[in-house]
1. Dividing the Cα convex hull volume of the range 18-123 by residue count, how many Å³ per residue is that?
2. Is there a quick way to get the dipole size of the range 18-123? I mean about its Cα centre, with the Cβ of Lys and Arg at +1 and of Asp and Glu at -1; what is the value in debye to the nearest 20?
3. For the range 106-115, take each phi angle, set θ = phi - 60°, evaluate the Karplus expression 6.51 cos²θ - 1.76 cosθ + 1.60, and give the result in whole Hz per residue in order, putting x for glycine and proline.
4. Would you mind calculating the gained length between PHE117 and ARG94 on full extension (0.36 nm times residue separation, minus the Cα-Cα distance), in nm to one decimal?
Amino acid sequence: MYLEKQKQLAYKDRRVHPRLKCRVTIELQTDVGNAPVFANLTDVSMGGCYIETSTILSPGSKIKLGFSMDDASLSAEGVVARLDPGSGIAVQFREMNRDGRDRMFRILEFVQKTTAFYNNRYFENLTKQR
């Protein structure tokens, strides 16, 4: 019984990096050269992210993500790891060198600040309505 529970825990928590829950609009570009589409980033980590989109991309598809319209350096490349039709895609970022990890850290900071800003604005509006 104990060994079965250990296997279940190990299977559930397979991620190497902790995820940051968020809600940020991003630009998604596929490798086939189609026009970029906008999608919603719902969580992100150093190793990957989940994107809500109605775009159908098969696992293994290469994509580029733009996190900021104002700063083109805030982008990352990845591969679709899983497709949830009608919901979104799980993306695994490509293996990164030191510069890539530094850029990803800046992306995580940007996402965290953006999410905090909108959450704070939401709560400020709620308190004004009281």
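Just so you know, all these numbers are worked out from the coordinates, no wet-lab data involved. Source: prediction; values computed, not measured. Cβ atoms come from the backbone with ideal geometry, glycine included; neighbour counts cover every protein chain shown.
1. Details: hull volume 11.1 nm³, N = 106.
Per residue, the Cα convex hull of the range 18-123 comes to 105 Å³.
2. Working: 13 positive and 12 negative charges, 51 e Å.
Roughly 240 debye, rounded to the nearest 20.
3. 5, 5, 4, 4, 4, 5, 5, 5, 5, 5
4. Values: separation 23, 0.36 × 23 = 8.28 nm, distance 2.87 nm.
Additional length available on full extension: 5.4 nm.
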